[in-house]
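*Asks:* Handing you this structure, nothing more for now.
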Amino acid sequence: MKKLLFPLLLLTVLWTGCSNDDISASDLQGTWIAEQQDGEKLLTNDLFVHEFCSGQQLINAHRYNSSEGVEWVEDPCAYQVKDNVLYVNGTNAAGKIYSFEADIKLEGDVLNVQVTKFILDGKETTQRPYYTMNRSKENLYSSFINVWKGGPTTPGVTYEHDIYWEYYNDGRFDYYYYDEDLDKYVTKEDNQGRFFLYGNLLVSNYMNDIEQGTQGKESESWIISLEGEEYTQNGQRVIRIDTMKWIGYRTNGTFSFEMKLTDFSPRWLPG
């Protein structure tokens, strides 16, 4: 039960966006990414997102644990704002109905949320989390949708062969690894890869971790950056993106990847 409550409470915080004056729904519209919980910086896999949409609709995106494994989910909710208090009603990924109230305050692009009441499945909880989140303004999507080739840059971690990642506009992604027996790159057939990109936060859902040898649903989050060569074209400053870097802060350390944009996809290889 604790695994269900934690992400739900996380959700509550991001559902707030305000100004120092009375807050309106328009003040909240946009994407907010959690940074801290009760004054402590969140690990990358513990980050959560709230997207305030028009019509007082809220998308609550977070990591969800179940008997099938771990996955990233986007739960739709309804919200209202009155006198700088956020009221949210929704149903979580486990099918439980919940509602909560939170005092909210906005300082620039930083949103502070203090949950004052949280009801799950008809019962009020005693937890009163305090969250800090940042408004996301980056839009990396068009440059991100490509084929990338690379590997880990974590000290002490090396792969004998690079990995290919191919991202599609419909939210799918393919993962290609080098098969020593076949002497070529092959698709991870059971991947069922789906990705979510919120500013510089990349979340990947997939099945069966090939490196860890585990079975079931898996999800991992990364903070990403896109880099490239800067040049001038027709008097305009242009950056051609050709490098992507990932970094993830985990309980067992900091991990990183770097990959290069490539024009080749292993799916073009003959079967």
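Read the figures in this text as sums done on the coordinates, not as results from a lab. Keep in mind that what you see is a predicted model, and the values were worked out from it rather than measured. We place every Cβ from the backbone using ideal geometry, glycine too, and count neighbours over all the protein chains shown.
*Asks:* Pick out which of Glu71, Glu220, Glu138 has the largest mean-square fluctuation in a Gaussian network model of the chain, springs linking Cα atoms closer than 10 Å.
*Replies:* Sorting by GNM fluctuation, first place goes to Glu138.
*Asks:* Then there is this: Compute the helix-to-body angle for 2-14: its Cα long axis versus the longest principal axis of the chain, expressed 0 to 90° and rounded to tens.
*Replies:* 80
*Asks:* Same structure, new question: Give me the number: length gained by fully extending Thr254 to Gln36, i.e. 0.36 nm times residue separation minus the C-alpha to C-alpha distance, one decimal in nm.
*Replies:* Contour length minus Cα-Cα distance gives 76.7 nm.
*Asks:* Suppose each label sits 7 Å from its Cα in the direction of the beta carbon; what would the Glu227-Lys117 distance come out to in nanometres?
*Replies:* 5.0
*Asks:* Using θ = phi - 60° and the Karplus curve 6.51 cos²θ - 1.76 cosθ + 1.60, what whole-Hz ³J(HN,Hα) does each residue of region 41-50 get, with Gly and Pro shown as x?
*Replies:* Once rounded to whole Hz, the list reads 5, 7, 5, 4, 6, 9, 5, 9, 9, 10.
*Asks:* Next question, about the same structure. What's the FRET efficiency of Glu101 with Tyr141 using the Cβ-Cβ distance as r and R₀ = 30 Å, to the nearest 0.05?
*Replies:* For R0 = 30 Å, the calculated efficiency reads 0.35.
*Asks:* What relative contact order, as a whole-number percentage, does the chain give when Cα pairs under 8 Å and 6 or more residues apart are counted? If you can, show how the numbers build up before the last one.
*Replies:* On the way: 642 pairs, mean separation 42.8, N = 271.
Reported as a whole number, the value is 16 percent.
*Asks:* Taking every Cα atom in region 67-185, find the radius of gyration and the maximum pairwise distance Dmax, and write them in Å.
*Replies:* Reported Rg and Dmax, both Å: 21.5, 65.
*Asks:* What residue among Val85, Val203, Val157 shows peak mean-square fluctuation when the chain is described by a Gaussian network model with Cα springs under 10 Å?
*Replies:* Val157
*Asks:* Under 17 Å from the 7 Å Cα→Cβ point of Gln192, by amide nitrogen: which residues of region 121-149?
*Replies:* Under cut-off, by backbone N: nothing.
*Asks:* Measure off 7 Å from each Cα along the Cα-to-Cβ vector at Thr91 and Cys53, then give the distance between these two points in nanometres to one decimal.
*Replies:* Rounded to a tenth, the inter-label distance reads 1.6 nm.
*Asks:* Could I ask something else about it? Return the single residue from Ser136, Ser99, Ser67 with maximal mean-square fluctuation; model: Gaussian network over the chain, springs between Cα atoms under 10 Å.
*Replies:* So, out of Ser136, Ser99, Ser67, the one fluctuating most is Ser67.
*Asks:* Suppose each label sits 7 Å from its Cα in the direction of the beta carbon; what would the Val238-Glu211 distance come out to in nanometres?
*Replies:* Taking the two extended label points, one gets 3.6 nm.
*Asks:* To continue, here is another question. Given just the C-alpha atoms of the chain, how large is their convex hull per residue in cubic angstrom?
*Replies:* Dividing the Cα hull volume of the chain by its residues yields 163 Å³.
*Asks:* What shape does region 115-271 have by the C-alpha gyration tensor, where a ≥ b ≥ c are the square roots of the eigenvalues, rounded means a/c under 1.5, and otherwise prolate means a/b greater than b/c and oblate the rest?
*Replies:* Since a/c reaches 1.5 but b/c is at least a/b, the shape of region 115-271 is classed as oblate.
*Asks:* As a quick test, which of the pairs Lys82/Lys105; Lys149/Lys245; Lys149/Lys184; Lys82/Lys117; Lys137/Lys217 have an alpha carbon distance above 20 angstrom in this structure?
*Replies:* In this structure, Lys137/Lys217 exceed 20 Å between Cα atoms.
*Asks:* May I ask for the Kirkwood hydrodynamic radius of region 188-271, worked out over all distinct Cα pairs and given in angstroms to one decimal?
*Replies:* 15.6
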